[in-house]
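Notes for the one structure printed next.
The values are calculated or read from the model by the stated rules, or taken from the named source; none is laboratory data. Predicted, not measured: the structure shown is a model, and the values here were computed from it. Here Cβ is always computed from backbone atoms with ideal geometry, including for glycine, and neighbour counts include all displayed protein chains. With ligands, DNA and RNA removed, areas are computed over all heavy atoms of the protein, side chains included. Shrake-Rupley method; radii C 1.70, N 1.55, O 1.52, S 1.80 Å.
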Amino acid sequence: MRKAFGATDLRAIDVKGARAAVLVAVVDRAGEAYLILTRRALDLARDPGLIALPGGFVEDGEHPVDAALREADEEIGLDSTLVDLIGCLGTFERPRTGIPVVAYVG
């Protein structure tokens, strides 16, 4: 996977305007790649039961890379020191809300 993205300083990629960040967390299990997804609780007012990537809003003064890692830790207990970030998929707009979200692969 690293070859697909090449060597890049993820903090240097222009993601201005990104208000949220997600982590596309790929885990190697016995030589096979698995994607980590979350499911939002059914009792939440916003997007109950939604299947999603771990992530959330970028806090004031926070870089989107740090937001993606912080949210992955908060949501699924993924220690950021165990994440090897390898690329950025760019920024996209969340369909229903139009919120700009940047996706990082690690």
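Using a/c under 1.5 as the rounded threshold, could you call the stretch 58-99 rounded, prolate or oblate? The axes a ≥ b ≥ c are square roots of the C-alpha gyration tensor eigenvalues, and prolate needs a/b larger than b/c, oblate otherwise.
Values: a/c = 1.80, a/b = 1.57, b/c = 1.15.
Because a/c hits 1.5 or more and a/b exceeds b/c, the stretch 58-99 counts as prolate.
Listed highest first by mean packing, meaning other Cβ atoms within 10 Å per residue, what order do 90-98, 41-49 come in? Walk me through the intermediate numbers first.
Details: 90-98: 11.2, 41-49: 9.0.
Output ranking for 90-98, 41-49: 90-98, 41-49.
Suppose the chain between E32 and F5 were pulled fully straight at 0.36 nm per residue; how much longer would it get relative to their current alpha carbon spacing?
Gain on stretching E32 to F5: 7.8 nm.
Starting from 0.36 nm per residue, how many nanometres of slack lie between D14 and I51 once their C-alpha separation is accounted for?
On the way: separation 37, 0.36 × 37 = 13.32 nm, distance 2.74 nm.
That works out to 10.6 nm of additional length.
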*Go through F5, F57 and list them by solvent-accessible area, largest first, probe radius 1.4 Å.*
F57, F5
_Please list 3J(HN,Hα) in residue order for the stretch 83-93, calculated via the Karplus relation 6.51 cos²θ - 1.76 cosθ + 1.60 where θ = phi - 60°; whole Hz, with x for glycine and proline._
9, 9, 5, 10, x, 10, 8, x, 9, 9, 9
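Length gain on complete extension for the stretch R94 to D60, per 0.36 nm per residue less the alpha carbon to alpha carbon distance? Let's see the in-between values first.
Working: separation 34, 0.36 × 34 = 12.24 nm, distance 1.99 nm.
Working it through step by step, the gained length comes to 10.3 nm.
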_Under a Cβ-only charge scheme (Lys and Arg +1, Asp and Glu -1), can you give me the dipole magnitude of the stretch 26-106 about the Cα centre, in debye to the nearest 20?_
420 debye
*Average accessible area per residue (Å²) across the chain - probe 1.4 Å, nucleic acids and ligands excluded*: 64 Å²
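Per residue of the chain, what 222 nm ellipticity follows from adding -39500 (n - 2.57) for every DSSP H run with n ≥ 4, rounded to the nearest 500? Walk me through the numbers before you get to the answer.
On the way: 2 runs with 17 residues, N = 106.
Value at 222 nm, helices only, nearest 500: -4500 deg cm²/dmol.
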*State the answer as a single residue: which of L50, T38, P64 lies farthest towards the positive end of the charge dipole of the stretch 21-106, with beta carbon charges of +1 for Lys and Arg and -1 for Asp and Glu, about the Cα centre.*
L50
*Across all directions of projection, what mean area in square nanometres is found for the Cα convex hull of the chain?*
7.5 nm²
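Calculate what fraction, in whole %, of the accessible area of the chain sits on carbon and sulfur atoms when a 1.4 Å probe is rolled over the protein chains. Before the final figure, lay out each step's value.
Working: 3630 of 6810 Å².
Of the solvent-accessible surface of the chain, carbon and sulfur hold 53 percent.
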